[in-house]
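Student: Quick one: this structure, given as C-alpha coordinates, is what I'll be asking you about.
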Amino acid sequence: MEHSFWYLHMPIAGVEIFWPGLVLIGFSVGTIGGFFGMGGAWMVTPGLNILGFPMAFAIGTDIAHIAGKSMVSTMRHSKFGNVDYKLGFVMLFGTMVGIEIGAQLIMWLERLGRVGPVVRWVYVGFLALISFMVFYDYYKAVQSKKAGRIDGEKGAEGITWYKTLHKINIPPMIHFKTAGFTCSAWLPIMVSFITGILAGFLGIGGGLLRMPALVYLIGCPTHIAVGTDLFEVMISGLYGAFTYTLKGRIELVAVFVMLTGAAIGAQIGTVATKYAKGYGIRIGFGCAVVACMASIILKQYGFDVSAAVVILGAISLICVYIISIMLKGAAAELRDKKERERAAAAFQN
Amino acid sequence: MKRNPVFWCVTLLFLVFCFGPAWAAEVSQGNCISVNEKDKTLTIDEYDLNFTKDKPYGHPTGKNSTYNIATALIGIPPAKGDVVRISYDVKGTERIALKIMNVSKQDLKKK
Amino acid sequence: MRALVCMILALCTVISALVPAAVWAAGEKAAMLVVVADTRRVTSDIGKYFADLYNTNMWLFAVWAVVLTAGYGVFLGFSMDIIMARTGLDLKSRKIVEH
(Lines give C-alpha, C1' and ligand atoms only; values in the text may rest on other atoms or scores of the structure.)
Protein backbone atom coordinates (compact mmCIF):
# COMPACT_ATOMS: atom_id res chain seq x y z
CA MET A 1 0.00 0.00 0.00
CA GLU A 2 2.67 2.41 1.12
CA HIS A 3 4.90 1.35 -1.74
CA SER A 4 2.24 1.57 -4.42
CA PHE A 5 1.31 5.12 -3.45
CA TRP A 6 4.77 6.47 -4.23
CA TYR A 7 5.21 4.53 -7.45
CA LEU A 8 3.37 5.10 -10.72
CA HIS A 9 3.08 2.27 -13.21
CA MET A 10 4.21 3.25 -16.71
CA PRO A 11 1.97 1.23 -19.01
CA ILE A 12 4.32 1.03 -21.99
CA ALA A 13 7.80 0.63 -20.57
CA GLY A 14 6.25 -1.51 -17.84
CA VAL A 15 8.33 0.02 -15.06
CA GLU A 16 7.31 1.42 -11.70
CA ILE A 17 8.44 5.02 -11.38
CA PHE A 18 8.88 7.09 -8.23
CA TRP A 19 6.50 9.83 -9.35
CA PRO A 20 7.61 12.65 -7.00
CA GLY A 21 11.00 12.29 -8.69
CA LEU A 22 9.36 12.70 -12.07
CA VAL A 23 7.52 15.84 -10.95
CA LEU A 24 10.73 17.21 -9.43
CA ILE A 25 12.71 16.64 -12.63
CA GLY A 26 10.03 18.36 -14.72
CA PHE A 27 9.81 21.28 -12.33
CA SER A 28 13.58 21.70 -12.08
CA VAL A 29 14.05 21.55 -15.80
CA GLY A 30 11.59 24.43 -16.10
CA THR A 31 13.05 26.45 -13.24
CA ILE A 32 16.70 25.98 -14.15
CA GLY A 33 16.04 26.35 -17.89
CA GLY A 34 13.98 29.48 -17.34
CA PHE A 35 16.54 30.99 -15.02
CA PHE A 36 19.69 30.35 -17.00
CA GLY A 37 18.10 30.71 -20.42
CA MET A 38 19.58 27.40 -21.43
CA GLY A 39 17.40 24.37 -21.91
CA GLY A 40 17.60 21.99 -19.01
CA ALA A 41 17.06 18.92 -21.16
CA TRP A 42 20.55 17.67 -20.33
CA MET A 43 19.31 16.54 -16.93
CA VAL A 44 16.13 14.88 -18.15
CA THR A 45 17.50 11.87 -20.03
CA PRO A 46 19.95 10.88 -17.26
CA GLY A 47 17.35 11.72 -14.61
CA LEU A 48 14.67 9.55 -16.19
CA ASN A 49 17.16 6.75 -16.72
CA ILE A 50 18.20 6.94 -13.08
CA LEU A 51 14.55 6.86 -11.97
CA GLY A 52 14.18 3.58 -13.84
CA PHE A 53 13.24 4.34 -17.44
CA PRO A 54 15.03 2.21 -20.03
CA MET A 55 17.52 4.49 -21.84
CA ALA A 56 15.68 4.63 -25.19
CA PHE A 57 12.44 5.54 -23.40
CA ALA A 58 14.24 8.24 -21.43
CA ILE A 59 15.53 9.82 -24.65
CA GLY A 60 12.17 9.61 -26.43
CA THR A 61 10.32 11.07 -23.45
CA ASP A 62 12.86 13.87 -23.08
CA ILE A 63 12.69 14.89 -26.72
CA ALA A 64 8.87 14.88 -26.68
CA HIS A 65 8.72 17.17 -23.65
CA ILE A 66 11.08 19.57 -25.46
CA ALA A 67 8.56 19.77 -28.31
CA GLY A 68 5.80 20.76 -25.90
CA LYS A 69 7.96 23.29 -24.08
CA SER A 70 9.28 25.05 -27.17
CA MET A 71 5.88 25.64 -28.82
CA VAL A 72 4.95 28.79 -26.94
CA SER A 73 8.39 30.37 -26.79
CA THR A 74 8.71 29.94 -30.56
CA MET A 75 5.34 31.59 -31.07
CA ARG A 76 6.42 34.54 -28.93
CA HIS A 77 9.65 35.02 -30.84
CA SER A 78 7.97 34.72 -34.20
CA LYS A 79 5.59 37.49 -33.13
CA PHE A 80 8.59 39.79 -32.71
CA GLY A 81 9.90 38.82 -36.16
CA ASN A 82 12.96 37.14 -34.69
CA VAL A 83 12.68 34.00 -36.79
CA ASP A 84 14.21 33.74 -40.26
CA TYR A 85 11.80 31.19 -41.65
CA LYS A 86 13.74 30.67 -44.87
CA LEU A 87 16.84 29.77 -42.86
CA GLY A 88 14.69 27.71 -40.54
CA PHE A 89 13.21 25.68 -43.38
CA VAL A 90 16.58 25.14 -45.06
CA MET A 91 17.94 23.90 -41.75
CA LEU A 92 14.91 21.71 -41.30
CA PHE A 93 16.28 19.16 -43.78
CA GLY A 94 19.53 18.77 -41.93
CA THR A 95 17.84 18.71 -38.53
CA MET A 96 15.32 16.03 -39.49
CA VAL A 97 17.83 13.78 -41.22
CA GLY A 98 20.22 14.28 -38.29
CA ILE A 99 17.57 13.43 -35.68
CA GLU A 100 16.62 10.31 -37.62
CA ILE A 101 20.25 9.17 -37.78
CA GLY A 102 20.67 9.85 -34.06
CA ALA A 103 17.51 7.89 -33.26
CA GLN A 104 18.52 5.02 -35.56
CA LEU A 105 21.89 4.93 -33.83
CA ILE A 106 20.09 4.57 -30.49
CA MET A 107 17.89 1.77 -31.83
CA TRP A 108 20.95 0.03 -33.23
CA LEU A 109 22.74 0.29 -29.89
CA GLU A 110 19.60 -1.02 -28.22
CA ARG A 111 19.59 -4.08 -30.47
CA LEU A 112 23.19 -4.71 -29.51
CA GLY A 113 22.25 -4.33 -25.86
CA ARG A 114 24.70 -1.47 -25.33
CA VAL A 115 22.48 1.59 -25.35
CA GLY A 116 22.61 2.20 -21.57
CA PRO A 117 26.38 2.39 -21.02
CA VAL A 118 27.20 4.12 -24.32
CA VAL A 119 24.66 6.92 -23.88
CA ARG A 120 25.63 7.33 -20.24
CA TRP A 121 29.32 7.78 -21.10
CA VAL A 122 28.54 10.17 -23.94
CA TYR A 123 26.44 12.14 -21.46
CA VAL A 124 29.33 12.25 -19.01
CA GLY A 125 31.45 13.82 -21.78
CA PHE A 126 28.68 16.20 -22.76
CA LEU A 127 28.10 17.37 -19.19
CA ALA A 128 31.84 17.80 -18.71
CA LEU A 129 31.69 20.20 -21.66
CA ILE A 130 28.79 22.16 -20.15
CA SER A 131 30.39 22.43 -16.72
CA PHE A 132 33.68 23.49 -18.31
CA MET A 133 31.84 26.23 -20.20
CA VAL A 134 30.05 27.44 -17.09
CA PHE A 135 33.16 27.55 -14.92
CA TYR A 136 35.26 29.07 -17.72
CA ASP A 137 32.63 31.74 -18.24
CA TYR A 138 32.66 32.51 -14.52
CA TYR A 139 36.44 32.64 -14.48
CA LYS A 140 36.46 35.06 -17.42
CA ALA A 141 33.83 37.26 -15.80
CA VAL A 142 35.84 37.43 -12.59
CA GLN A 143 39.04 38.22 -14.53
CA SER A 144 37.47 41.02 -16.52
CA LYS A 145 35.90 42.45 -13.39
CA LYS A 146 39.32 42.52 -11.79
CA ALA A 147 40.75 44.22 -14.87
CA GLY A 148 38.01 46.84 -14.62
CA ARG A 149 36.11 45.96 -17.79
CA ILE A 150 32.36 45.97 -17.39
CA ASP A 151 31.29 43.64 -20.13
CA GLY A 152 33.21 40.41 -20.35
CA GLU A 153 31.41 39.05 -23.39
CA LYS A 154 32.66 41.49 -25.98
CA GLY A 155 35.82 39.53 -26.62
CA ALA A 156 33.90 37.06 -28.74
CA GLU A 157 32.98 39.61 -31.39
CA GLY A 158 36.33 39.36 -33.03
CA ILE A 159 35.52 35.94 -34.46
CA THR A 160 34.44 36.25 -38.06
CA TRP A 161 34.82 32.72 -39.36
CA TYR A 162 31.50 33.08 -41.12
CA LYS A 163 33.06 35.59 -43.53
CA THR A 164 35.35 32.87 -44.82
CA LEU A 165 32.57 30.31 -44.80
CA HIS A 166 30.26 32.61 -46.78
CA LYS A 167 32.82 32.50 -49.61
CA ILE A 168 32.20 28.78 -50.13
CA ASN A 169 30.49 28.75 -53.46
CA ILE A 170 28.64 25.46 -53.74
CA PRO A 171 25.23 25.90 -55.35
CA PRO A 172 22.49 26.52 -54.43
CA MET A 173 23.43 29.92 -53.02
CA ILE A 174 20.59 31.37 -50.97
CA HIS A 175 19.90 34.86 -49.73
CA PHE A 176 18.34 34.99 -46.27
CA LYS A 177 16.44 38.25 -46.07
CA THR A 178 15.60 38.49 -42.37
CA ALA A 179 19.05 37.43 -41.25
CA GLY A 180 20.62 39.54 -44.00
CA PHE A 181 23.31 37.41 -45.67
CA THR A 182 23.90 35.10 -48.61
CA CYS A 183 25.61 31.76 -48.41
CA SER A 184 25.64 28.26 -49.79
CA ALA A 185 22.60 26.31 -48.57
CA TRP A 186 24.96 23.51 -47.56
CA LEU A 187 26.45 25.57 -44.73
CA PRO A 188 23.25 25.77 -42.60
CA ILE A 189 22.29 22.26 -43.68
CA MET A 190 25.58 20.81 -42.43
CA VAL A 191 25.36 22.72 -39.14
CA SER A 192 21.78 21.57 -38.54
CA PHE A 193 22.66 18.03 -39.58
CA ILE A 194 25.38 17.71 -36.96
CA THR A 195 23.27 19.28 -34.20
CA GLY A 196 20.38 17.06 -35.30
CA ILE A 197 22.41 13.91 -34.79
CA LEU A 198 23.43 15.08 -31.33
CA ALA A 199 19.83 16.03 -30.48
CA GLY A 200 18.43 12.71 -31.68
CA PHE A 201 21.13 10.75 -29.91
CA LEU A 202 21.03 12.53 -26.56
CA GLY A 203 17.40 13.64 -26.55
CA ILE A 204 18.23 17.33 -26.23
CA GLY A 205 17.12 20.40 -28.17
CA GLY A 206 20.59 21.02 -29.53
CA GLY A 207 20.50 24.77 -28.87
CA LEU A 208 23.74 24.57 -26.94
CA LEU A 209 25.59 23.74 -30.15
CA ARG A 210 23.26 25.35 -32.70
CA MET A 211 23.21 28.81 -31.14
CA PRO A 212 26.98 29.48 -31.28
CA ALA A 213 27.12 27.82 -34.70
CA LEU A 214 24.40 30.12 -36.03
CA VAL A 215 26.19 33.19 -34.74
CA TYR A 216 29.84 32.35 -35.42
CA LEU A 217 29.76 29.92 -38.35
CA ILE A 218 26.69 31.10 -40.25
CA GLY A 219 26.85 34.76 -39.29
CA CYS A 220 23.34 35.29 -37.99
CA PRO A 221 22.59 38.39 -35.89
CA THR A 222 22.15 37.21 -32.29
CA HIS A 223 18.44 38.00 -31.89
CA ILE A 224 17.62 36.20 -35.16
CA ALA A 225 19.81 33.31 -34.06
CA VAL A 226 17.83 32.97 -30.81
CA GLY A 227 14.47 32.92 -32.60
CA THR A 228 15.60 30.66 -35.43
CA ASP A 229 17.23 28.31 -32.96
CA LEU A 230 13.97 28.07 -31.02
CA PHE A 231 12.11 27.31 -34.23
CA GLU A 232 14.64 24.57 -34.94
CA VAL A 233 14.34 23.22 -31.39
CA MET A 234 10.58 23.03 -31.87
CA ILE A 235 10.91 21.19 -35.18
CA SER A 236 13.53 18.83 -33.83
CA GLY A 237 11.37 18.20 -30.78
CA LEU A 238 8.27 17.49 -32.84
CA TYR A 239 10.07 15.29 -35.34
CA GLY A 240 12.02 13.58 -32.55
CA ALA A 241 8.80 12.92 -30.65
CA PHE A 242 7.23 11.49 -33.80
CA THR A 243 10.09 9.22 -34.75
CA TYR A 244 10.70 7.98 -31.20
CA THR A 245 6.99 7.28 -30.78
CA LEU A 246 6.94 5.40 -34.05
CA LYS A 247 9.78 3.31 -32.70
CA GLY A 248 7.70 2.73 -29.59
CA ARG A 249 10.10 4.47 -27.23
CA ILE A 250 8.02 7.07 -25.46
CA GLU A 251 6.02 7.25 -22.26
CA LEU A 252 3.23 9.77 -22.74
CA VAL A 253 2.25 9.82 -19.07
CA ALA A 254 5.73 10.95 -18.12
CA VAL A 255 5.77 13.58 -20.90
CA PHE A 256 2.60 15.15 -19.52
CA VAL A 257 3.72 15.07 -15.90
CA MET A 258 7.02 16.72 -16.83
CA LEU A 259 5.45 19.31 -19.12
CA THR A 260 3.17 20.45 -16.32
CA GLY A 261 6.06 20.74 -13.89
CA ALA A 262 8.22 22.49 -16.49
CA ALA A 263 5.54 25.08 -17.34
CA ILE A 264 5.21 26.11 -13.70
CA GLY A 265 8.96 25.99 -13.11
CA ALA A 266 9.73 28.08 -16.21
CA GLN A 267 7.61 30.95 -14.87
CA ILE A 268 9.43 30.91 -11.55
CA GLY A 269 12.80 30.71 -13.29
CA THR A 270 12.15 33.54 -15.74
CA VAL A 271 10.69 35.80 -13.06
CA ALA A 272 13.68 35.08 -10.82
CA THR A 273 16.07 36.37 -13.53
CA LYS A 274 14.62 39.81 -12.89
CA TYR A 275 15.87 39.86 -9.33
CA ALA A 276 19.05 37.83 -9.61
CA LYS A 277 22.32 39.65 -9.25
CA GLY A 278 25.89 38.55 -9.56
CA TYR A 279 27.64 35.56 -10.97
CA GLY A 280 27.57 33.39 -7.84
CA ILE A 281 24.53 31.42 -8.95
CA ARG A 282 26.44 30.22 -12.01
CA ILE A 283 28.73 28.30 -9.72
CA GLY A 284 25.64 26.60 -8.32
CA PHE A 285 24.58 25.73 -11.85
CA GLY A 286 28.01 24.32 -12.65
CA CYS A 287 27.87 22.25 -9.47
CA ALA A 288 24.44 20.89 -10.46
CA VAL A 289 25.91 19.79 -13.80
CA VAL A 290 28.82 18.11 -12.04
CA ALA A 291 26.41 16.41 -9.61
CA CYS A 292 24.36 15.16 -12.56
CA MET A 293 27.53 13.79 -14.13
CA ALA A 294 28.50 12.06 -10.88
CA SER A 295 25.07 10.47 -10.58
CA ILE A 296 25.32 9.08 -14.13
CA ILE A 297 28.61 7.45 -13.22
CA LEU A 298 27.03 6.05 -10.02
CA LYS A 299 24.17 4.64 -12.08
CA GLN A 300 26.62 3.11 -14.54
CA TYR A 301 28.29 1.22 -11.70
CA GLY A 302 25.00 0.00 -10.29
CA PHE A 303 24.48 2.35 -7.35
CA ASP A 304 20.93 3.22 -8.42
CA VAL A 305 19.67 4.61 -5.12
CA SER A 306 22.65 6.86 -4.44
CA ALA A 307 22.52 8.06 -8.06
CA ALA A 308 18.89 9.07 -7.59
CA VAL A 309 19.65 10.78 -4.28
CA VAL A 310 22.56 12.76 -5.78
CA ILE A 311 20.72 14.03 -8.85
CA LEU A 312 17.40 14.76 -7.13
CA GLY A 313 19.18 16.38 -4.19
CA ALA A 314 21.31 18.61 -6.41
CA ILE A 315 18.45 19.83 -8.58
CA SER A 316 16.17 20.43 -5.60
CA LEU A 317 18.83 22.51 -3.87
CA ILE A 318 19.32 24.73 -6.89
CA CYS A 319 15.54 25.01 -7.34
CA VAL A 320 15.04 26.06 -3.73
CA TYR A 321 17.70 28.72 -4.23
CA ILE A 322 16.04 30.08 -7.39
CA ILE A 323 12.60 30.03 -5.75
CA SER A 324 13.92 31.96 -2.78
CA ILE A 325 15.39 34.60 -5.13
CA MET A 326 12.04 34.82 -6.88
CA LEU A 327 9.95 35.04 -3.71
CA LYS A 328 12.16 37.67 -2.09
CA GLY A 329 12.26 39.77 -5.25
CA ALA A 330 8.56 39.46 -5.98
CA ALA A 331 7.59 40.25 -2.40
CA ALA A 332 9.76 43.37 -2.45
CA GLU A 333 8.32 44.47 -5.78
CA LEU A 334 4.72 43.98 -4.66
CA ARG A 335 5.42 45.79 -1.39
CA ASP A 336 6.93 48.74 -3.28
CA LYS A 337 4.00 48.80 -5.66
CA LYS A 338 1.49 48.85 -2.80
CA GLU A 339 3.40 51.60 -1.06
CA ARG A 340 3.50 53.67 -4.23
CA GLU A 341 -0.25 53.22 -4.65
CA ARG A 342 -0.88 54.18 -1.04
CA ALA A 343 1.30 57.26 -1.43
CA ALA A 344 -0.53 58.22 -4.62
CA ALA A 345 -3.89 57.77 -2.89
CA ALA A 346 -2.77 59.86 0.06
CA PHE A 347 -1.55 62.54 -2.31
CA GLN A 348 -4.89 62.68 -4.11
CA ASN A 349 -6.79 63.01 -0.86
CA MET B 1 -8.80 33.32 -39.28
CA LYS B 2 -7.78 31.60 -36.10
CA ARG B 3 -10.84 29.41 -35.88
CA ASN B 4 -10.24 27.46 -39.07
CA PRO B 5 -7.20 25.35 -38.17
CA VAL B 6 -8.49 24.80 -34.65
CA PHE B 7 -11.84 23.71 -36.05
CA TRP B 8 -10.24 21.23 -38.43
CA CYS B 9 -7.99 19.85 -35.74
CA VAL B 10 -10.91 19.23 -33.41
CA THR B 11 -12.91 17.60 -36.21
CA LEU B 12 -9.97 15.38 -37.10
CA LEU B 13 -9.43 14.36 -33.49
CA PHE B 14 -13.13 13.66 -33.10
CA LEU B 15 -13.11 11.40 -36.18
CA VAL B 16 -10.02 9.63 -34.90
CA PHE B 17 -11.71 9.05 -31.56
CA CYS B 18 -14.81 7.67 -33.31
CA PHE B 19 -12.72 5.07 -35.06
CA GLY B 20 -10.74 4.46 -31.92
CA PRO B 21 -12.48 1.37 -30.58
CA ALA B 22 -11.62 -0.48 -33.79
CA TRP B 23 -8.03 -0.70 -32.56
CA ALA B 24 -8.05 -2.89 -29.54
CA ALA B 25 -6.09 -6.02 -28.96
CA GLU B 26 -5.98 -8.48 -26.13
CA VAL B 27 -2.75 -8.96 -24.22
CA SER B 28 -1.51 -12.05 -22.48
CA GLN B 29 1.71 -12.92 -20.74
CA GLY B 30 3.14 -16.27 -19.89
CA ASN B 31 5.85 -18.85 -20.04
CA CYS B 32 6.69 -20.12 -23.52
CA ILE B 33 6.06 -23.87 -23.63
CA SER B 34 6.74 -24.55 -27.28
CA VAL B 35 7.42 -22.84 -30.59
CA ASN B 36 6.32 -24.65 -33.72
CA GLU B 37 8.38 -23.23 -36.60
CA LYS B 38 6.51 -25.27 -39.22
CA ASP B 39 2.95 -24.32 -38.27
CA LYS B 40 4.07 -20.90 -37.08
CA THR B 41 2.45 -21.27 -33.70
CA LEU B 42 3.51 -20.50 -30.17
CA THR B 43 2.05 -22.01 -26.99
CA ILE B 44 2.30 -20.38 -23.59
CA ASP B 45 1.27 -21.18 -20.06
CA GLU B 46 -0.63 -18.00 -19.14
CA TYR B 47 0.38 -16.02 -16.07
CA ASP B 48 -2.02 -14.10 -13.87
CA LEU B 49 -1.79 -10.49 -12.66
CA ASN B 50 -0.52 -11.34 -9.23
CA PHE B 51 2.96 -9.79 -9.34
CA THR B 52 5.19 -10.50 -6.38
CA LYS B 53 8.86 -9.98 -5.64
CA ASP B 54 9.84 -13.57 -6.40
CA LYS B 55 7.42 -13.82 -9.35
CA PRO B 56 7.68 -10.40 -11.00
CA TYR B 57 5.89 -11.57 -14.15
CA GLY B 58 2.89 -13.16 -12.37
CA HIS B 59 2.03 -16.69 -11.28
CA PRO B 60 1.33 -19.58 -13.69
CA THR B 61 -2.35 -20.35 -14.12
CA GLY B 62 -1.91 -23.71 -15.86
CA LYS B 63 -4.07 -22.48 -18.73
CA ASN B 64 -2.31 -23.12 -22.04
CA SER B 65 -3.07 -21.03 -25.11
CA THR B 66 -1.76 -21.20 -28.65
CA TYR B 67 -1.12 -18.26 -30.97
CA ASN B 68 -0.67 -17.99 -34.70
CA ILE B 69 2.60 -16.07 -35.12
CA ALA B 70 2.87 -16.09 -38.93
CA THR B 71 2.30 -12.34 -39.30
CA ALA B 72 3.48 -11.19 -35.88
CA LEU B 73 6.23 -8.69 -35.20
CA ILE B 74 8.73 -10.66 -33.15
CA GLY B 75 11.61 -9.19 -31.18
CA ILE B 76 14.18 -11.50 -29.61
CA PRO B 77 13.00 -14.95 -30.84
CA PRO B 78 11.17 -16.70 -28.00
CA ALA B 79 12.50 -20.06 -26.88
CA LYS B 80 11.12 -22.61 -24.46
CA GLY B 81 11.15 -21.22 -20.94
CA ASP B 82 11.14 -17.51 -21.88
CA VAL B 83 8.48 -15.23 -20.46
CA VAL B 84 6.69 -13.58 -23.38
CA ARG B 85 4.02 -10.92 -23.66
CA ILE B 86 1.75 -11.16 -26.68
CA SER B 87 -0.78 -8.74 -28.13
CA TYR B 88 -3.31 -10.60 -30.23
CA ASP B 89 -6.59 -10.46 -32.10
CA VAL B 90 -9.20 -13.16 -31.81
CA LYS B 91 -10.54 -14.35 -35.16
CA GLY B 92 -13.09 -17.12 -34.67
CA THR B 93 -11.37 -19.58 -32.40
CA GLU B 94 -7.86 -18.62 -33.44
CA ARG B 95 -5.65 -16.15 -31.67
CA ILE B 96 -3.59 -14.15 -34.19
CA ALA B 97 -0.51 -12.62 -32.55
CA LEU B 98 0.30 -9.01 -33.52
CA LYS B 99 3.44 -8.39 -31.48
CA ILE B 100 5.54 -10.67 -29.35
CA MET B 101 7.78 -9.25 -26.66
CA ASN B 102 10.42 -11.41 -25.05
CA VAL B 103 10.00 -10.04 -21.54
CA SER B 104 12.64 -12.07 -19.70
CA LYS B 105 15.41 -11.83 -22.32
CA GLN B 106 15.22 -8.15 -23.15
CA ASP B 107 14.56 -7.09 -19.54
CA LEU B 108 13.97 -3.38 -20.13
CA LYS B 109 14.46 -2.56 -16.48
CA LYS B 110 18.20 -3.10 -16.83
CA LYS B 111 18.75 -0.76 -19.80
CA MET C 1 34.82 30.89 -27.81
CA ARG C 2 37.87 29.18 -29.27
CA ALA C 3 38.00 26.98 -26.18
CA LEU C 4 34.33 26.12 -26.63
CA VAL C 5 34.81 25.03 -30.22
CA CYS C 6 37.84 22.95 -29.20
CA MET C 7 35.79 21.28 -26.48
CA ILE C 8 32.96 20.53 -28.91
CA LEU C 9 35.39 19.01 -31.38
CA ALA C 10 36.94 16.99 -28.57
CA LEU C 11 33.49 15.75 -27.55
CA CYS C 12 32.68 14.70 -31.10
CA THR C 13 35.96 12.82 -31.28
CA VAL C 14 35.25 11.09 -27.98
CA ILE C 15 31.77 10.09 -29.18
CA SER C 16 33.05 8.75 -32.47
CA ALA C 17 35.74 6.79 -30.62
CA LEU C 18 33.48 5.53 -27.83
CA VAL C 19 30.50 4.34 -29.82
CA PRO C 20 32.23 1.82 -32.10
CA ALA C 21 34.50 0.60 -29.28
CA ALA C 22 31.55 -0.07 -27.01
CA VAL C 23 29.62 -1.72 -29.82
CA TRP C 24 32.38 -4.07 -30.91
CA ALA C 25 32.88 -5.01 -27.28
CA ALA C 26 29.29 -6.30 -27.20
CA GLY C 27 29.20 -7.87 -30.61
CA GLU C 28 26.99 -10.83 -31.16
CA LYS C 29 23.28 -10.48 -30.37
CA ALA C 30 21.38 -8.09 -32.61
CA ALA C 31 17.66 -8.68 -32.41
CA MET C 32 15.10 -5.93 -32.60
CA LEU C 33 13.42 -5.17 -29.30
CA VAL C 34 9.64 -5.27 -29.48
CA VAL C 35 7.62 -3.79 -26.65
CA VAL C 36 4.04 -4.79 -25.92
CA ALA C 37 2.18 -2.50 -23.54
CA ASP C 38 0.54 -4.52 -20.79
CA THR C 39 -3.07 -3.37 -21.21
CA ARG C 40 -4.21 -5.83 -18.55
CA ARG C 41 -2.71 -3.56 -15.91
CA VAL C 42 -4.17 -0.29 -17.23
CA THR C 43 -7.35 0.66 -15.42
CA SER C 44 -8.35 4.05 -16.86
CA ASP C 45 -10.26 4.19 -20.16
CA ILE C 46 -8.00 6.80 -21.70
CA GLY C 47 -4.90 4.93 -20.66
CA LYS C 48 -6.34 1.76 -22.12
CA TYR C 49 -7.16 3.50 -25.40
CA PHE C 50 -3.56 4.67 -25.78
CA ALA C 51 -2.00 1.43 -24.64
CA ASP C 52 -4.21 -0.44 -27.13
CA LEU C 53 -3.22 1.97 -29.83
CA TYR C 54 0.42 1.40 -28.97
CA ASN C 55 -0.05 -2.31 -29.52
CA THR C 56 -2.09 -2.12 -32.70
CA ASN C 57 -1.54 1.11 -34.62
CA MET C 58 1.78 2.78 -33.96
CA TRP C 59 1.32 5.42 -36.67
CA LEU C 60 -1.85 6.77 -35.16
CA PHE C 61 -0.25 6.60 -31.73
CA ALA C 62 2.66 8.69 -33.01
CA VAL C 63 0.32 11.29 -34.54
CA TRP C 64 -1.58 11.46 -31.26
CA ALA C 65 1.60 11.81 -29.23
CA VAL C 66 2.82 14.74 -31.32
CA VAL C 67 -0.55 16.49 -31.50
CA LEU C 68 -1.27 16.09 -27.80
CA THR C 69 2.21 17.15 -26.69
CA ALA C 70 2.15 20.23 -28.91
CA GLY C 71 -1.43 21.08 -27.92
CA TYR C 72 -0.74 20.64 -24.23
CA GLY C 73 2.41 22.75 -24.54
CA VAL C 74 0.46 25.61 -26.11
CA PHE C 75 -2.33 25.27 -23.55
CA LEU C 76 0.14 25.41 -20.66
CA GLY C 77 1.98 28.37 -22.17
CA PHE C 78 -1.15 30.46 -22.52
CA SER C 79 -2.64 29.49 -19.18
CA MET C 80 0.64 30.34 -17.45
CA ASP C 81 0.60 33.75 -19.15
CA ILE C 82 -2.86 34.38 -17.73
CA ILE C 83 -1.88 33.24 -14.24
CA MET C 84 1.32 35.30 -14.22
CA ALA C 85 -0.56 38.40 -15.41
CA ARG C 86 -2.76 38.07 -12.32
CA THR C 87 0.13 38.09 -9.86
CA GLY C 88 0.57 41.80 -10.43
CA LEU C 89 4.30 41.56 -11.10
CA ASP C 90 5.80 43.66 -13.84
CA LEU C 91 6.77 41.04 -16.37
CA LYS C 92 7.27 43.34 -19.34
CA SER C 93 10.74 44.36 -18.27
CA ARG C 94 12.03 40.81 -17.92
CA LYS C 95 14.46 39.40 -20.40
CA ILE C 96 13.18 36.71 -22.70
CA VAL C 97 15.51 33.86 -21.98
CA GLU C 98 13.86 30.60 -22.70
CA HIS C 99 14.59 27.58 -24.74
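Student: Kindly provide the chymotrypsin sites (Phe, Trp or Tyr not before Pro) of region A:286-349 that DSSP labels as loop, not H, G, I, E or B, and whose Cβ sees at most 15 other Cβ atoms within 10 Å.
Tutor: Loop-located and lightly packed - A:Tyr301, A:Phe303.
Student: A further question follows. Shielding by partners for B:25-34, please: the mean number of other protein chain Cβ atoms within 10 Å of each residue's Cβ.
Tutor: Shielding by partners across B:25-34 averages 3.
Student: Can you give me the distance in nm between label points at B:Thr93 and B:Leu73, each placed 7 Å from the Cα along the Cα-to-Cβ direction?
Tutor: Using points 7 Å along Cα→Cβ, the separation is 3.1 nm.
Student: Going down the list A:Lys247/B:Lys53; B:Lys80/C:Lys48; B:Lys55/B:Lys80, which pairs span over 24 Å between their C-alpha atoms?
Tutor: A:Lys247/B:Lys53; B:Lys80/C:Lys48
Student: Continuing with the same structure: Under 14 Å Cα to Cα from A:Lys145, which aspartates and glutamates show up? Leave out anything in the same chain fewer than 8 places away.
Tutor: Output for A:Lys145: A:Asp137, A:Glu153.
Student: Then there is this: Given an 8 Å cut-off on Cα distances and at least 6 residues of separation, report the relative contact order of chain A as a percent.
Tutor: It rounds to 33 percent for chain A.
Student: Among A:Leu317, A:Leu51, A:Leu24, which one moves the most in a GNM of chain A with springs linking Cα atoms closer than 10 Å?
Tutor: A:Leu317
Student: Also, quick follow-up: Please give the solvent-accessible surface of A:Tyr138 in Å², to the nearest 10, using a probe radius of 1.4 Å with every protein chain present.
Tutor: 70
Student: How big is the accessible area of C:Thr87 in square angstrom, nearest 10, if you roll a 1.4 angstrom probe over the protein chains?
Tutor: 60
Student: Report, as an integer, the average count of C-beta atoms from other chains found within 10 Å of each Cβ along A:122-135.
Tutor: Neighbouring Cβ atoms belonging to other protein chains average 3 per residue here.
Student: Let me ask something else about it. Taking only protein heavy atoms into account and a 1.4 Å probe, give the accessible area per residue of the protein assembly as shown in Å².
Tutor: So the protein assembly as shown comes to 47 Å² accessible per residue, rounded to a whole number.
Student: Assuming 0.36 nm per residue, please report the length gained on full extension of the stretch A:Ala345 to A:Asp304 beyond their Cα-Cα distance.
Tutor: 8.7 nm
Student: A further question follows. Pick out the long, greasy-scoring helices in chain A: whole DSSP H runs spanning 15 Å or more along their own axis by Cα, mean Kyte-Doolittle at least -1.0.
Tutor: For chain A, where a helix must reach 15 Å along its axis and average at least -1.0, the hits are A:19-36, A:55-79, A:85-111, A:115-146, A:186-202, A:222-246, A:252-275, A:280-300, A:304-348.
Student: Taking a ≥ b ≥ c as the square roots of the Cα gyration tensor eigenvalues, with a/c under 1.5 meaning rounded and otherwise prolate when a/b beats b/c, else oblate, which class fits chain A?
Tutor: oblate
Student: Write out the trypsin sites (Lys or Arg not before Pro) in region A:241-330 meeting two conditions: DSSP loop, and at most 13 other Cβ atoms within 10 Å of their Cβ.
Tutor: A:Lys277
Student: Pairwise over distinct Cα atoms, reciprocal of the mean inverse distance: report the Kirkwood radius of region B:25-110 in Å, one decimal place.
Tutor: After inverting the mean inverse Cα-Cα distance, the result is 12.9 Å.
Student: Right, another one. Run the helix sum for chain A: -39,500 (n - 2.57) per DSSP H stretch of 4+ residues, divided by residue count, reported at 222 nm to the nearest 500 deg cm²/dmol.
Tutor: -25500 deg cm²/dmol
Student: Within 10 Å of each Cβ of A:48-58, how many other protein chain Cβ atoms are there on average?
Tutor: 2
Student: For A:Lys167, A:Lys86, what's the largest-to-smallest order of accessible area, 1.4 Å probe?
Tutor: Ranked list, largest accessible area first: A:Lys167, A:Lys86.
Student: Could you compute how much accessible surface A:Leu8 exposes when probed at 1.4 Å, giving the result in Å² to the nearest 10?
Tutor: Solvent-accessible area, nearest 10 Å²: 60 Å².
The values are calculated or read from the model by the stated rules, or taken from the named source; none is laboratory data. For clarity, every value in this text was computed on a predicted model and none was experimentally measured. Ideal geometry is used to build each Cβ from the backbone, glycine not excepted, and the neighbour counts take in all protein chains shown. In case anyone asks, the SASA skips ligands and DNA or RNA and just uses the protein heavy atoms, side chains included. Shrake-Rupley method; radii C 1.70, N 1.55, O 1.52, S 1.80 Å.
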